[in-house]
Structure formats: structure tokens, C-alpha cells
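The values are calculated or read from the model by the stated rules, or taken from the named source; none is laboratory data. Just so we're clear, the structure is a prediction, and the values are computed from it rather than from any experiment. Here Cβ is always computed from backbone atoms with ideal geometry, including for glycine, and neighbour counts include all displayed protein chains. These accessible areas exclude ligands, DNA and RNA; they are computed on the full protein's heavy atoms, side chains included. Shrake-Rupley method; radii C 1.70, N 1.55, O 1.52, S 1.80 Å.
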Amino acid sequence: MSELYCGRSSPPLRDWGGRLPVALVFPEAAEHGLSTLGWQVVYRLLAANERLAVERFFWDSTSPRPRSVDSGRDLGLFPLVLFSLNFEGDFPNALKLLMDADIPVRAADRPSWPVVLAGGPVAFLNPFPMLPALDGLFVGEAEAGLCDVVERIARTWVEGGGKQAALEAVAPLPGVMVPGLSPEPVRRAVVGSSNVLGRPAYSCFVSSEAQFRDMLLLEVNRGCPYGCRFCAAGSIYKPPRHAEMAVLQEIVERCEPHKVGLVGTALTDWPDLLPFLRWLAERKVKFSLSSLRADGLTEELLGFLRHTGTRSVTLALEGASRRLRRAMNKHFSEEAFLEAVARVSRLQFGTLKLYMITGWPDEGEEDWAEFEEFMACVDAARREGQGNRKKGVELVSLSVSCLVPKAWTPLQWADTPDEDRLKAAMKRFKAIVGRHKGMRFAGENSAQARVQMFLARGGEEIFPCLERAAEIGLSAAMREHDALVHDVLRRHPERDTVFPWDRLDIGVSRKFLYSEWIKYGRGMVTPPCPQDGCQACGLCGMDDFLSLSHGR
Ligand code: SF4
């Protein structure tokens, strides 16, 4: 198998004889799949196995039947269908793909092959709205055991065994949930047991059709030490692990990309960031960075980024006020933030993108009034940075999204924010930003956000609505299931509420999450994960979880 498929080159097709044909399905458009690392890691892992014939499927609304982009074969021909679920919004598409391939949507209506499994980040967040359609889940990081699972299914298939035999063969494996066969809760399968990411993920497809065009995506770190209380990635990818520069350099030398996209959280915390960027620049390899923390934006780093062609800088504000940022455990310094704004302006970057969330429990007028003052400070810092130069940073754009209280975060105990309050906040922020020249506002549509809340907080009880959504579209199906939608969105979780996702064990204790929820209410912060681990959330303290996550 070639290391990297660039441009239009695609992987060689394997003969199906004596192999298990596997449909690896990304239920979103190809441009997204070609820019998603997790799904590409799975492809690389499975395609390396000679006993499998892996083919790729993407969501294509123009195609009446789902067809492999590698062979044109119909999805209905594959005995193993593996969905990569990256967003809750993938659910209706995944069901529609099954419907269009004439594969019975409900697992209970599929006594024989195909086996339909799902993996990906949503599988270890809250996959339960989709569960009635699935024969099973792979809960965790693909490198931590997915190959063994597919290998066992392949053996059963090649030996002429039935679907039930295949499910019984994989049910006891680490990270596998086969409803009714696997003991629950199912532990998340995690790679490695230290803070080093031994095998960082990297693209196996680099394409001009990808959202990140012609870019080799390279994982610098997995998980995040900061523990922001709204961030699911911070929880489901614990413990924080980082790659070693030498390993990343070896990948770049082997793949010879024109451009590299560094993927990770808190990239500026990585002590080798600037040395690695200099190394890339010396080899004339372009690069782009995902999120940056204001307190890591040194003059030297920003100067280097500006000098090597970076035009925009992205900073996360997250909350409108100091109180909210403390409550969400956002380790944030206003001084460092404003200093970064001045630097960005002094170095004349094109755009400064700011991100914020609204809809926090008990957010209100006081927070918005403080935000007004803070945006005036941002404007002043921008002008101070510009000094007497003709121009500073050309545009400051503020994007505000709506809080979706997610599974496995302390905010899983929060009520979902109501639409009127979201609209009032967006109106307020728009007015505040509108007072500053060279600033632009973009607010998420609150009705759209409530769709995501419904999908993120529901369990198996919302499956009939999803099934209907695959036929008539999600908004129409939600209107038809209005009472159910209201019931899910109006739930008021209590301390002992059993959540649908409690059938999983991601390693972060419920006790820790609840104590963090209490701290949210009291505006208390929790320090970031210490370098050598601690016992706080229960993950690092449980060596058996990390080492045994490869065995039940
Ligand atoms: S045990 Fe401590 S260091 Fe480890 S992931 Fe949890 S909070 Fe972070």
C-alpha cells in the first residue's frame, strides 16, 4: 500500500477472493473526509491488512445509490459496513446511505450479513441515538484494537460463518460494544499509557478536492491538559499526549508534502513548535496551524509566522466575561490576550479571528456589559499595535457559537440554553461589535444549534425521529416529533441522572465530572493536567485502564 495518495491517485483495488470486503463510510462529503485525520488513520490501518479489501464511501446527495469511490461498487455488496461518525449531524446521512443501499436500517431487521459497525469520536461521546441501526460500536482510538476486531470478522466471513458468529467473536474484544453481548459499561480503548503520542496520525490522502487543499495533516498532540468544562475533546481524548519532533520530521521526510497542517489543541504549549516550523520553512514546506493560545503567542513566534506568510491568527475568547471564563475553567489572561492583539496588529496580520460561545448557565446582562468594555479594550490594543503605521490588523472577526452541553463534560448536568436567550445574546454581541470600525460579527443560528443539542443529548428514544429524517430531512422530522424534541431539550439533569452515554466508560470518573460541574457554579478553577499525571479525573491513576484498554 502506498504511503500517500496525492491528487487523483487512489489506492490499488484488491480482488475480493478470499478477503473480507470492507466499506469504510464517511457520511459527509468527500472534501470533509479527505480533511479528517481519524477516518484516514482507520483507512491506513485496515488497508495494510492483505486479508481485507477496503473501499471508501462518502455522502453524495446527488447519487441515488451509495457507490464506492474506488470501484463504483454498491454499498449493498459489502459484508462489513464501517461508519466513521465525526459529528452528530452524520446520523441521518448514515441511515439514508443504508436505506439507499436497500440495507435494512434497524439491526434487528438484519439477521444475516452485512455487519454494520460505527467508530469515530462520536462513538465514544454519545452514539446512542444511532444504536438501533448498528450491530456494534468500536469505542475508542482505532489504533488501540480496531484491527483485531476487523480481523476476527474477516476470519468468520472467509470461513463462511454467519453474522451472529462474527458478533460473538468480537463482543469480548477491548473497545467493542455489541448490544446484549458485550459487558457494560464498555471501556474506551486508548493508545499508549504515557504522555507521549508514539504514533501520531497523519494523512494518507492529500487532495485538491479536500477542504484543506493539498495539505498533509499531521497530529502534534492528542487530548488537552486544560480541562475547559465545555470541551468534549478535552475529556474523550484524555490523557493529553504529544508527539516527538523527530517522529514528525521522519513522517514529513517520507511523505514530502508541499504543505503541512499541524493538528492539535494548545499547539503553542508544544516547546518544539517554533523549531519544527523553522525546520519546515528551511525545506520550503508551507504550513498552517489550528488553534493557538494567546499566552503562547510570543513576538518571536508571531514574527516568524508573519514572515513565512501566515495572514490570519485565531484566538479563543470562549466567554463574554471574566466570571464566565473562570466558571468554564478557561485558563485565560486578559493581559496576555490584549498583548497578543497588539502584536498581531503591530505585525500587520490580515485577520484576527476571535471565537466565543454563548448560552452559558446563568449568563446575562452583567456578562454582556463586561464584554462591551472588553471589546473596547481589544479595539484600543489594536490601535496601540498599529501605532502611527498606515495600517494594523485589517479585520477583527468575532464568531459566536451556541453552547451545546456535551456528554462527558461537566456541563452534561447543564440545562440546554433556550432559543430566546441565545437570540438576545447574539443581538447584543452584534450591536457591540458593530460599534467598532474594522470589526465583523458572525453568530450561529440558534435553531440550528438546538438541532445539535437534540442529537447530542438524546438516546435511543430519538432513533425513530432519525429514521424519519433519513426520509424527509431532519428539520421536518423534528417538527413531526415535536413533543420528543421538547422532552429531550427540556430535560433538567440531576446529580444522579442516568445519561444514555453512561453505558460507556471513557476513563474520566463521573465523580470528577460532577465536582467540576459544582466548581462551574462556584466559579472555581482546576489546574491543568500536570506533566507527570495525577489522580484527579481517575484516568492516569488507573494504569490498568490505560494498559488494559487493550484487553478488557
Ligand atoms: S488523571 Fe490528572 S493528569 Fe491524568 S488526565 Fe486526569 S486530570 Fe489529567
Accessible-area order for Met328, Met478, largest to smallest, probe 1.4 angstrom, reads Met478, Met328
With each pseudo-label sitting 7 Å past Cα toward Cβ, what's the Lys284-Arg254 distance in nm, one decimal? 2.5
Based on the Cα atoms of the stretch 148-285, what semi-axes does the equivalent ellipsoid have, where each is the square root of 5 times one gyration tensor eigenvalue, given in whole Å with the largest first? 35, 21, 13
Hey, can you rank 59-66, 142-149 by average C-beta count inside 10 Å, highest first? 142-149, 59-66
So what is the 222 nm mean residue ellipticity for the chain from helices alone, if each DSSP H run of at least 4 adds -39500 (n - 2.57) and you divide by all residues, rounding to the nearest 500 deg cm²/dmol? -10500 deg cm²/dmol
Per q in 0.17, 0.22 1/Å, what log10 I(q)/I(0) does a Debye calculation on the alpha-carbon atoms of the stretch 294-410 return? -0.84, -1.23
Label point 7 Å out from Glu168 along Cα-to-Cβ: which residues of the stretch 136-154 have amide N under 19 Å? 136-137, 149-154
List the extent of the Cα atoms of the stretch 366-406 along each of their three principal axes, largest first, rounded to whole Å. 45, 21, 11
Note on the stretch 93-157: the mean projected area of its alpha-carbon convex hull, in nm², is 4.7
Could you calculate the FRET efficiency of Gln211 with Asp272 from 1/(1 + (r/R0)^6), where r is the beta carbon distance between them and R0 is 35 Å, rounded to 0.05? 0.85
Give, in nm to one decimal, the length gained when the segment between Glu184 and Trp16 is fully stretched (0.36 nm per residue of separation minus the Cα-Cα distance). 57.0 nm
At what distance in angstrom do the alpha carbon centres of the stretch 45-97 and the stretch 195-221 lie from each other? 21
Calculate the tail of P(r) for the chain: the fraction of all Cα-Cα distances greater than 43 Å, expressed in %. 18
To test your reading of the geometry: what angle, between 0 and 90 degrees and rounded to tens, separates the Cα axis of helix 37-47 from the longest principal axis of the chain? 30
Could you give each residue of the stretch 484-496 its phi-based ³J(HN,Hα) in whole Hz, using Karplus coefficients 6.51, -1.76, 1.60 with θ = phi - 60°, and x for Gly or Pro? 5, 4, 5, 4, 5, 6, 9, 5, 10, x, 9, 3, 9
Suppose each label sits 7 Å from its Cα in the direction of the beta carbon; what would the Ala29-Val498 distance come out to in nanometres? 4.2
Which three extents, in whole angstrom, do the alpha-carbon atoms of the stretch 130-205 cover along their principal axes, largest first? 40, 29, 22
Using the beta-carbon distance between Asp74 and Ala476 and R0 = 22 Å, what value does 1/(1 + (r/R0)^6) give for FRET efficiency, to the nearest 0.05? 0.20
Rg and Dmax of the stretch 385-496, Cα atoms only, in Å: 18.9, 62
Projected area averaged over orientations for the stretch 66-217, convex hull of C-alpha atoms, nm²: 10.2
Using the Cα atoms as the points, what is the convex hull volume per residue of the stretch 237-361 in Å³? 124
Between Asn445 and Arg421, what FRET efficiency follows from the Cβ-Cβ distance if R0 is 22 Å, with the result rounded to 0.05? 0.90
Length gain on complete extension for the stretch Met99 to Ala380, per 0.36 nm per residue less the alpha carbon to alpha carbon distance? 95.5 nm
How much of the DSSP beta bridge set in the stretch 8-187 is antiparallel, as a percent to the nearest 5? 15
Determine the share of the stretch 411-552's accessible area contributed by carbon and sulfur atoms, expressed in whole percent, with a 1.4 angstrom probe. 53
Given the Cα atoms of the stretch 1-157, and with Rh set as the inverse mean 1/r over their pairs in the Kirkwood sense, what is Rg to Rh to two decimals? 0.92
I need the P(r) histogram for the stretch 11-98: all alpha carbon pairs, bin width 10 Å from 0 out to the longest distance, whole percents. 17, 54, 26, 2
Please tell me which of these pairs span more than 30 angstrom C-alpha to C-alpha: Lys96/Lys519; Lys96/Lys259; Lys96/Lys406; Lys330/Lys390; Lys390/Lys427? Lys96/Lys519; Lys96/Lys259; Lys330/Lys390; Lys390/Lys427
Expressed in nm to one decimal, what extension gain is obtained for the pair Ala483 and His436 from 0.36 nm per residue of sequence separation less their Cα-Cα distance? 12.6 nm
